[in-house]
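A.B. asks: The structure's right below; bear with me while I get my questions together.
The values are calculated or read from the model by the stated rules, or taken from the named source; none is laboratory data. Note that the structure is a prediction, hence the values are computed from the model and not measured. FYI the Cβ positions are ideal-geometry reconstructions off the backbone, even for glycines, and counts take in every protein chain you see. Remember, those area values only see protein heavy atoms, side chains included, never the ligands or the DNA or RNA. Shrake-Rupley method; radii C 1.70, N 1.55, O 1.52, S 1.80 Å.
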Amino acid sequence: MEYPGLAGRTAGFRHGAPHTVTIGADGARVAFLRSPGPDEPDDELWLLDLAGGVERRVAHGPVASYATDRLARTAAFARHGELFRADLLTGEVTAIGGEGPVHDPRPDPQGRTIGYVADPDGSAALRITGPDGDRLLAGEPGNAWREHGGKICWGLAGSGSAEFERTRGWWWSPDGRQILAVRTAGAASLHLLDLDEGWVDVHWDRETYPYLAQVRWAGGGPLITVLRRMQQHGLVLSVDPRTGETQVHAELADARWVEPIPGTPRHLPDGRVLVGGELAHDGFDARCLFADGSLLTPPGLYVRRVAGTLPRADGPAGAPDLIVEGSLGDPAVREVFRVRTSLGGGGPEVRRITGLTGTRPVTVGGDVMVAGDRVWRGDTEVAALRSLAADLPYRPEPVLERVTDRRLPAAVLYPRGFLAGTRLPVLLALGEGPGHQQVLADRSAWQERQWWADSGFAVVSIDGRGTPGVAPSFEKAVHRRLADLAPADLSDALRALLGKHPDLDLSRVAVRGTGLGGWLAALAVLRDPEVFHRGVARDPVLEWADLPRALAERYLGDPSDSGHVYQHHSLTAVAEDTPAAGRLLVIGAELPGATSLPAAGLEEELAFLQRSA
């Protein structure tokens with residue numbers, strides 16, 4: 001992430017760090033991306049051979065993404081729309097070309113054939129290339145979708161998929177003989193394509209369950225999660241790869257919305273299906289994992305993601321441990337845990353992997369795990385991926401708190417060298433707003449905020465209701481009333497923090513945010529000027545109806561019968577009733593009564609906010 005005007009301080013501090021890791025199923029090789037250094041944004045493809053402990057560059061950049069076969073012996077990537085194949089054992093890279101522009105190339109699990117999406121900006125088609133040449137597998141060029149004037153696309157994730165963290169639109173079968181592909185023509189459908197050109201549709205009630213939220217095919221048949229439009233009910237389905245018929249494995253239901261857990265559903269080696277769900281009865285309020293209905297994780301562990309499985313040293317081969325990212329007790333800390341999958345009489349069994357914290361995702365393959373730049377085999381750290389990133393410019397020390405009777409996570413960050421007894425204006429940093437945690441025990445998350453603190457503010461961050469990490473009810477309490485609860489939590493938390501931090505000057509409170517955070521910043525200044533005296537809203541959401549439908553309806557419901565809810569959350573409507581000339585700076589949008597600019601740097605934000613300081 002780069003911060004305008006802060007070159008040399010915080011700009012590009014992630015460049016040069018290893019990321020996008022893939023581990024071969026035999027645990028022999030680790031592929032990853034890394035740029036040449038802190039001033040080089042273009043990533044290159046690298047390989048670590050664990051037997052020799054030697055890294056070597058496979059392909060020069062830019063390599064934006066790549067995929068490998070099952071054993072990480074072959075990789076495919078696209079550069080400037082051209083297809084490349086890389087032999088990860090020899091380092092040989094071959095330009096294949098393909099019917100470009102090429103997007104999302106992936107070798108089959110055996111590395112014989114590469115599938116890819118051609119012309120992703122037009123009528124996207126799925127093609128395969130291999131020893132027998134390059135050919136079309138599925139595609140319908142031109143304006144075939146005439147009744148809506150659109151185009152039919154194969155292999156793309158489709159609109160609305162990002163709201164469910166589904167970034168892909170096609171998957172190889174484990175034996176490499178079939179492809180499971182999304183076809184988009186207004187709505188998404190799913191199809192099983194044989195490489196010999198036969199195909200069948202995947203059958204479910206797409207009218208009732210239009211959202212394809214999750215897809216996984218790795219051992220056993222495909223597993224998918226589908227949701228109703230209002231996202232209050234969903235089904236976990238197994239797919240018969242011969243017929244496309246589906247069978248219900250689990251139902252997901254919530255009066256507000258269903259929140260699937262990334263990394264689920266998946267088959268366990270013993271045949272059970274792992275599903276993420278919630279416990280909301282008998283006093284429980286937990287986000288947990290279940291295997292065919294049996295609880296695998298304790299209610300105290302807030303599960304964020306399932307990374308995969310690792311063999312259990314004292315267990316049978318068919319009963320590995322799950323590797324789970326989550327929070328245990330403190331929502332600010334994201335840790336890694338081993339979760340026992342074998343059935344036992346003692347209830348869920350979870351073991352923390354000591355020292356693995358942070359926000360970077362964990363990758364698992366064979367008996368190897370990579371967390372950040374650290375490589376583990378079993379419980380032993382065996383290597384490290386070299387990082388060429390610059391050292392973080394700041395060493396922030398935010399004071400983390402839990403405040404009010406709702407125990408809202410909060411944090412205060414002071415200027416470096418601050419001496420107690422000096423009253424400081426407050427800058428409430430909202431980041432990207434509801435749905436995104438700000439209070440994190442991760443030094444990299446506080447770099448920009450330290451710059452703001454050193455500019456003369458006590459920087460405060462508050463994770464009010466609507467933020468993940470605490471409990472399902474905490475996150476979903478904002479359903480249809482986010483505009484009321486979010487500002488109220490910010491105001492209550494500020495007053496509560498004053499008791500522990502008397503140097504906060506609540507007569508000088510500024511607030512800033514981006515996107516939904518910008519919406520909340522502007523809303524706070526407009527609706528409660530006695531608490532929030534000045535604000536900056538960067539690229540704010542002016543109307544919730546302009547957001548992707550899946551996101552807007554998750555929070556506010558169906559606009560056809562909840563028009564008053566959308567109007568209550570409209571920033572334009574509030575601004576028309578409550579002008580904020582001189583108190584609110586809007587960047588990247590125009591809001592009536594506010595100072596609006598098409599673009600601005602952080603220094604311009606700082607100058608505006610310091611007028612109230």
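A.B. asks: Put +1 on the Cβ of every Lys and Arg and -1 on every Asp and Glu Cβ in the chain; which of 550, 320, 239 then has its Cα farthest towards the positive end of the dipole?
C.D. replies: Final value for the positive-end residue is 320.
A.B. asks: Using only the heavy atoms of the protein chains and a 1.4 Å probe, how would 229, 508, 423, 34 rank by accessible area, largest first?
C.D. replies: On the way: 229 80, 508 55, 423 120, 34 0 Å².
Putting 229, 508, 423, 34 in descending order of accessible area: 423, 229, 508, 34.
A.B. asks: Give me the percent relative contact order of segment 174-224, please, defined on Cα pairs under 8 angstrom at least 6 residues apart.
C.D. replies: Details: 56 pairs, mean separation 13.2, N = 51.
Reported relative contact order: 26 percent.
A.B. asks: Helices from the chain with mean Kyte-Doolittle at least 0.0 and a Cα length along the axis of 18 Å or more, per DSSP H: which? The partial results should precede the final answer.
C.D. replies: On the way: long enough: 482-500 (27 Å, 0.53).
Membrane-span-like by this criterion, though nothing is claimed about a membrane: 482-500.
A.B. asks: Let me ask something else about it. Let a ≥ b ≥ c be the square roots of the eigenvalues of the Cα gyration tensor of segment 384-520; is it rounded (a/c under 1.5), or, if not, prolate (a/b larger than b/c) or oblate? Don't jump to the answer; show the numbers that get you there.
C.D. replies: Values: a/c = 1.84, a/b = 1.17, b/c = 1.57.
Note, shape of segment 384-520 comes out oblate.
A.B. asks: Would you mind calculating the relative contact order of segment 115-224 from Cα pairs under 8 angstrom and at least 6 residues apart, reporting the percent as a whole number? Please list the in-between numbers first.
C.D. replies: Numbers: 210 pairs, mean separation 19.1, N = 110.
It comes to 17 percent, rounded to a whole number.
A.B. asks: Around residue 199, which amide H atoms from residues at least 5 apart in sequence, or from another chain, sit under 5 Å from its own amide H, with H modelled in the peptide plane?
C.D. replies: Sorted by chain and number, the residues that satisfy this are 194.
A.B. asks: With contacts defined as alpha carbon pairs under 8 Å and 6 or more residues apart, what's the relative contact order of the chain in percent?
C.D. replies: On the way: 1493 pairs, mean separation 48.8, N = 613.
Result for the chain is 8 percent.
A.B. asks: Starting at the first residue of segment 113-126, write each ³J(HN,Hα) from the Karplus equation 6.51 cos²θ - 1.76 cosθ + 1.60 with θ = phi - 60°, in whole Hz, x for Gly and Pro.
C.D. replies: In residue order, the calculated couplings are 10, 10, x, 7, 9, 9, 6, x, 8, x, 8, 4, 10, 9 Hz.
A.B. asks: Rounded to the nearest 20 Debye, what is the dipole magnitude of segment 323-436 about its Cα centre when Lys and Arg each give +1 and Asp and Glu each give -1 at the C-beta? Kindly include the intermediate steps, with their values, before the conclusion.
C.D. replies: Working: 15 positive and 13 negative charges, 27 e Å.
Here the size comes out at about 120 debye.
A.B. asks: Okay, helix-only estimate at 222 nm for the chain: each DSSP H run of n ≥ 4 adds -39500 (n - 2.57), divide by all residues, round to 500 deg cm²/dmol; what do you get?
C.D. replies: On the way: 8 runs with 74 residues, N = 613.
The helix-only estimate for the chain comes to -3500 deg cm²/dmol at 222 nm.
A.B. asks: Skip the ligands, DNA and RNA, and give the accessible area per residue of segment 94-184 with a 1.4 Å probe, whole Å². Walk me through the numbers before you get to the answer.
C.D. replies: Working: 4120 Å² over 91 residues.
That works out to 45 Å² for each residue.
A.B. asks: Can I ask one more? For segment 315-396, with every protein chain kept in place, what is the accessible area per residue (1.4 Å probe, Å²)? Show your work: numbers first, answer last.
C.D. replies: Working: 3740 Å² over 82 residues.
On a per-residue basis, segment 315-396 sits at 46 Å².
A.B. asks: Explain nothing, just the number: dipole magnitude of segment 455-613 about its Cα centre with +1 on each Lys and Arg Cβ and -1 on each Asp and Glu Cβ, in debye rounded to the nearest 20. Walk me through the intermediate numbers first.
C.D. replies: Numbers: 15 positive and 21 negative charges, 68 e Å.
Rounded to the nearest 20 debye, it is 320 debye.
A.B. asks: Carbon and sulfur together cover what percent of the accessible area of the chain at a 1.4 Å probe radius?
C.D. replies: Numbers: 12270 of 25490 Å².
Roughly 48 percent, rounded to a whole number.
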